[in-house]
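A quick write-up on the structure given underneath.
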Amino acid sequence: MWKLSDESLLAGLGSGDRDAAAAFVARYQRRVFGLTHSILRDRGAAEEAAQEAFVRAWRHASAYDPRRGTVTAWLLTIARNVSINMLPARRFDPIDPEVLAAMENARPDDDGAETQVVESEPLRAALGRLPESQRRALGPRRVLRLHGQGDERARRAATGHGEDADPVGHDEAPRRAGGAR
């Protein structure tokens, strides 16, 4: 069985030949699982996606056209599509509980701009580790005020001016009353 071509194994899989199906899965299981795992980054989900890819290959074996590509490319495309369809709409990364607790202290400012109270060094450090694009996403509407410090020091920190520069790297001044910058 192992010496059969990929096309022959796929034809055997599609026709219900148990030996061909076993040889087909054995030949491709590492590649299919590796691809699904690299996309999903979760072993259980990757195993499920790999199994679904083989089921779809079995169901649609007759649709394989060797003029359009190799069996390997066809199967890995199926596995890729299954994996992408299994991705959550938005992937959430774990957040430190201290960061979440500090974020609960967010409250609107007098002028309607959102203010977030930065209470702890772990939160400042976490904000400092954000990628530049995420730091920019905080934008000028979110002013980070250093909890327990004077207003001038907080203003300098939030605008990035002075020795108490903003821990997340804002270069823009906070929105002032009336929307002026």
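Since every read-out is calculated from the coordinates, none of them should be taken as a lab result. It should be emphasised that the depicted structure is a prediction, and the values quoted were computed from it without experimental measurement. Here the Cβ is made from the backbone with ideal geometry for all residues, glycine too, and neighbour counts use every protein chain on show.
Write out the chymotrypsin sites (Phe, Trp or Tyr not before Pro) in the stretch 1-82 meeting two conditions: DSSP loop, and at most 14 other Cβ atoms within 10 Å of their Cβ. Walk me through the numbers before you get to the answer.
Working: sites: Trp2, Phe24, Tyr28, Phe33, Phe54, Trp58, Tyr64, Trp74; in loops: Trp2, Tyr64.
Those satisfying the criteria are Trp2.
Using a simple spin-label model with pseudo-atoms 7 Å out from Cα toward Cβ, Met86 and Ser133 lie 2.5 nm apart.
Looking at the stretch 6-86, the pairs of alpha carbons with a distance over 20 Å make up 26% of the total.
Simple spin-label estimate for His60 and Gln29 gives 2.3 nm between the two label positions (7 Å along the Cα-to-Cβ direction from each Cα).
On full extension, the segment bounded by Asp42 and Ser15 gains 6.5 nm, given 0.36 nm per residue less the C-alpha separation.
Which order, highest average first, do 126-133, 12-19 follow once you tally other Cβ atoms within 10 Å for each residue and take the mean per peptide?
Taking the mean over residues of other Cβ atoms within 10 Å, the ranking is 12-19, 126-133.
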